[in-house]
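**Student:** Before we start, here is the structure in question, set down as structure tokens.
The values are calculated or read from the model by the stated rules, or taken from the named source; none is laboratory data. Fair warning: this is a prediction, and the values are worked out from it, not measured in the lab. When we count neighbours, we look across all protein chains shown, and the Cβ atoms used for this are built from the backbone with ideal geometry, even at glycine. For accessibility, only protein heavy atoms count, side chains too; no ligands or nucleic acids. Shrake-Rupley method; radii C 1.70, N 1.55, O 1.52, S 1.80 Å.
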Amino acid sequence: MNNVALELKNITKRFGEVIANNHVSLTVNRGEILALLGENGSGKTSLMNVISGIYYPEEGEIFVNGKSVQIHSPKEAYDYHIGMIHQHYKLVDVFTATENVVLGLSKEEYRQILNNPKAKFDLKEAAKRMKEIADSFDFHINPEQKVYSMSVSQKQTLEILKVLFRGADILILDEPTAVLTPQETKQLFKVLRNMKKAGKSIIIITHKLNEVMEISDRVSVLRKGEYIGTVNTSETNEANLTEMMVGKKIDLNIQRKKPVNPKDRLIIENLTINNGTRNVLDHVSFVAKSNEILGIAGIAGSGQKELLEAIAGLQNISEGKIEFIDDNQQYIDLQTLNPGKIRELGISLSFVPEDRLGMGLVSTFDLVDNVMLRSYNKKDKNHLFTTNRKDPSSLTKNIVNDLQVVTPSLHTEIRKLSGGNVQKVLVGREISSHPRVLMAAYPVRGLDINSSYLIYNLLMEQKENNAAVIYVGEDLDVLIDLCDRIVVLCDGKVSGIVDAYNISKEEIGLLMTKTGGEQ
């Protein structure tokens, strides 16, 4: 019997003149976990969107269980037992788990799922069926729980159950561990192995090579839309996979140095922010020092966003103190200052926000205009009615060259660049001001390994240039390798401040899920 569940032959997908996938061919076997790797813009998500019916290819064929099929929509993908779990969940917050699972199903589809042509649409029966599926793979979920009260891992579990409920035998997971704790990742991998034993075929898109080595059976690599090859996981290593992705050898070690003469640069005391219903930050206290990288760890929604925005002058605080200490050891209160006032006082503070295009950049501006955003309102008696673009153009050119930004020109709208290149422009602009405090929220989220290590090295350079770097990240391995100390947040409170040189990611994971740790 043929063991191939899914086969792609010469799949080509174009977006105008851009070729996202160029004659890509690969296979996925029954009862295996296939990892799909590639740099940003290599065509991974485009290829998976073709399989799941979101895109339709210009050329090529798709075979499911040996039969040629055409998939024009996600609904048709389900007809061929293919389901995709996206990185950004598609759930209705006020609905229960069961209501989300059956949402969108017709009576005929519901009856087919239950294998009962006379079945009535019954939420209790659906919940029972959902629980049976969950138990068979060792999922933990309450069918009656509302989505808004779920943790990130519970929402992911629900998304997986949605496609299993619809009969999926081929599952595609896009960055499934991006926001999970080590303990939650371990549970997910246990479930995936159970699904593999049951004969399911699983495709995982991820940037985490250590997880690829742990969970996958084979690895397929794309580079610039081209299929590079597939290797058995047991016969390769992280360095070889990186070379396949990038086309050259990459040093995967973060060259961290111990802080030299660190001094207090930013003091946070009892910082509290209330959003009208609860304290999203609750009496948070810590000190950020020059010549060090201070990590911020926590599950999604633990107050990381509000913390950095408060320091940057973008959030009103309910209680507490934020003090900046300049090179002359002068203490400056920041808690009542907006970003403009902070800049007027000569405080060199840079912020790379989580929302690149919403807060950091203007999507319809070109690269030069976006670089100018930091300085457009500076008074220049020689340019009272016009804006001087000469210096920003030169700076933008340096950023493009130094950070290897791929762009048609300096005057291309920022929204037309890939996510990785957008991030490089944003980070380059903020670093160009030689800040005394540099805050970066998830600066490598969604970036390929080559771009990620470029950003890590830039943060290291800022540390060595006497800056206090505050780094919010979700990859605990990186936090431990990159940072000197780590502040762990849980539900808006500090559950621990730990030495990154003497801590495991499992210990950090425990602090992320409970309050009251040692500081």
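**Student:** Remind me, what semi-axes does the range 416-474 give for its equivalent ellipsoid, largest first in whole Å, using sqrt of 5 times each Cα gyration tensor eigenvalue? Spell out each step's value before the answer.
**Tutor:** Working: eigenvalues 73, 29, 19 Å².
Its equivalent ellipsoid spans semi-axes of 19, 12, 10 Å.
**Student:** Using 0.36 nm times the number of residues separating residue 213 and residue 87, minus their current alpha carbon distance, what extension gain do you get?
**Tutor:** Values: separation 126, 0.36 × 126 = 45.36 nm, distance 2.06 nm.
Net length gain for the segment: 43.3 nm.
**Student:** Evaluate the distance, in nm, between pseudo-label points positioned 7 Å from the Cα of residue 344 and of residue 406 along their respective Cα→Cβ axes.
**Tutor:** Using points 7 Å along Cα→Cβ, the separation is 4.4 nm.
**Student:** A follow-up question, please. How high is the FRET efficiency between residue 29 and residue 183 when r is their beta carbon distance and R₀ equals 30 Å, given to the nearest 0.05?
**Tutor:** Working: r = 30 Å, r/R0 = 0.99.
After rounding to 0.05, the efficiency reads 0.50.
**Student:** Turning to a different aspect of this structure: Where does the charge balance sit around residue 27 when Lys and Arg score +1, Asp and Glu -1, over other residues with C-beta under 11 Å from its C-beta? Walk me through the intermediate numbers first.
**Tutor:** On the way: positive: 9, 30, 218; negative: 7, 32.
Neighbour charge sum, excluding residue 27 itself: +1.
**Student:** How much of residue 27 can a 1.4 Å solvent probe reach, expressed as accessible area in Å² and rounded to 10?
**Tutor:** The accessible area of residue 27 comes to roughly 40 Å².
**Student:** Then there is this: Roughly what angle does helix 123-137 make with the longest principal axis of the chain, taking Cα atoms, 0 to 90 degrees, to the nearest 10?
**Tutor:** Result, in degrees: 80.
**Student:** Okay, moving on. Rank by packing, highest mean first: peptides 297-303, 157-163, with packing defined as the count of other Cβ atoms within 10 Å averaged across residues.
**Tutor:** The packing order, highest mean first, is 157-163, 297-303.
**Student:** Counting Lys and Arg as +1 and Asp and Glu as -1, what is the net charge of the other residues whose Cβ lies under 9 Å from the Cβ of residue 199? Could you put the intermediate results ahead of the total?
**Tutor:** On the way: positive: 30, 196, 197, 200; negative: 169.
Summing Lys and Arg as +1 and Asp and Glu as -1 gives +3.
**Student:** Sticking with this structure for a sec: Kindly provide the pair-distance distribution of the range 1-124 built from C-alpha pairs, with 10 Å bins from 0 and whole-percent values in order of increasing distance.
**Tutor:** Computed distribution, short to long bins: 11, 35, 31, 19, 4, 0.
**Student:** Averaging sequence separations of C-alpha pairs under 8 Å and six or more residues apart, then dividing by the length of the range 396-519, give the relative contact order as a whole percent.
**Tutor:** 17
**Student:** For the range 442-519 and the range 246-280, compute the distance between their C-alpha centroids and round to whole Å.
**Tutor:** Here the answer is 6 Å between Cα centres.
**Student:** Angle, helix 390-402 long axis vs. longest principal axis of the chain, Cα atoms, 0 to 90°, nearest 10?
**Tutor:** For 390-402 against the chain, the angle is about 50 degrees.
**Student:** What is the distance in Å between the Cα centres of the range 191-207 and the range 107-127?
**Tutor:** Cα centres, the range 191-207 to the range 107-127: 27 Å.
**Student:** Students often check this: by mean Cβ neighbours within 10 Å, which of 12-24, 164-176 ranks highest, and how do the rest follow?
**Tutor:** The peptides rank, most packed first, as 164-176, 12-24.
**Student:** Another question about this same structure. Note the full-extension length gain between residue 116 and residue 138 as 0.36 nm times their separation in residues minus their Cα-Cα distance, in nm to one decimal. Each step should come with its number before you reach the end.
**Tutor:** Working: separation 22, 0.36 × 22 = 7.92 nm, distance 2.54 nm.
Answer, rounded to one decimal: 5.4 nm.
**Student:** For the pair residue 243/residue 18, report the inter-label distance in nm, with labels modelled 7 Å from Cα in the Cβ direction.
**Tutor:** Taking the simple label geometry, residue 243 and residue 18 are separated by 3.1 nm.
**Student:** At 7 Å along the Cα-to-beta-carbon direction for both residue 506 and residue 373, put a label point, then send me their distance in nm to one decimal.
**Tutor:** 4.3
**Student:** Another question, if that's okay. Along each of its three principal axes, how wide is the spread of alpha-carbon positions in the range 1-59, in whole angstrom units, largest first?
**Tutor:** Between the extreme Cα coordinates on each principal axis of the range 1-59 lie 41, 23, 18 Å.
**Student:** Calculate what fraction, in whole %, of the accessible area of the range 327-369 sits on carbon and sulfur atoms when a 1.4 Å probe is rolled over the protein chains.
**Tutor:** Roughly 46 percent of what the probe reaches on the range 327-369 is carbon or sulfur.
**Student:** Please report, in whole Å, how far the alpha carbons of the chain spread along each principal axis, starting with the longest.
**Tutor:** Computed over the chain, the largest-to-smallest principal extents equal 77, 50, 47 Å.
**Student:** Taking the Cβ of residue 159 as the center, what net charge do the other residues with Cβ under 13 Å away carry, scoring Lys and Arg +1 and Asp and Glu -1?
**Tutor:** Here the charged neighbours net out to +2.
**Student:** Whole-Hz Karplus ³J(HN,Hα) for the range 34-50, in order, using 6.51 cos²θ - 1.76 cosθ + 1.60 and θ = phi - 60°, x for Gly and Pro?
**Tutor:** Whole-Hz 3J(HN,Hα) from phi for the range 34-50: 9, 8, 10, 10, x, 5, 4, x, 7, x, 4, 5, 4, 5, 5, 5, 5.
**Student:** Only helical DSSP H runs with n ≥ 4 go in: add -39500 (n - 2.57) per run for the chain, normalise by residue count and round the 222 nm mean residue ellipticity to 500 deg cm²/dmol.
**Tutor:** Mean residue ellipticity, 222 nm, calculated: -9500 deg cm²/dmol.
**Student:** Between residue 283 and residue 59, what's the calculated FRET efficiency when r is the beta-carbon distance and R0 is 56 Å? Round to 0.05. The partial results should precede the final answer.
**Tutor:** Numbers: r = 60 Å, r/R0 = 1.06.
With R0 = 56 Å, the Cβ-Cβ based efficiency is 0.40.
**Student:** Separate question: Arranged from highest to lowest average of other beta-carbon atoms within 10 Å per residue, in what order do the peptides 51-57, 245-251 appear?
**Tutor:** Values: 51-57: 19.7, 245-251: 13.6.
Per-residue Cβ counts within 10 Å, averaged per peptide and sorted highest first, yield 51-57, 245-251.
**Student:** Can you tell me the accessible area per residue over the chain, all protein chains present, probe 1.4 angstrom, in square angstrom?
**Tutor:** In whole numbers, the chain has 46 Å² accessible per residue.
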